[in-house]
Amino acid sequence: MDRRDLQQTLGRLLGPAEAEVDCDTCFDQLDRYVELEVEGADADAAIPGLRAHLAGCPACAEEHESLRALVAAERTD
Ligand SMILES: [Zn+2]
């Protein structure tokens, strides 16, 4: 069992405290989420559950950080 499986198992055991997307959905929506975030739009309202997923998933959180840095850098010039 890798770390991600463990997280998902724990998530199931603990039950959904709030709606949360899974890694596949996170991956699909992350580009859009980051765009909205960098624009200053309400990314959490547009894509519910994604922030909750990032909080509990180190792999996606890391992806989110690097993507946000990339998008922010593209917008500075
Ligand atoms: Zn994830």
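Summary table
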read-out	value
Linear extension gain, residue 42 paired with residue 66, 0.36 nm per residue minus alpha-carbon span	6.7 nm
Debye-sum result for the chain in log10 I(q)/I(0), which assumes one identical scatterer on each alpha carbon, at q = 0.23, 0.27 Å⁻¹	-1.05, -1.31
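Any read-out appearing in this document is the output of simple, stated calculations on the displayed coordinates, not a laboratory observation. Note that the structure is a prediction, hence the values are computed from the model and not measured.
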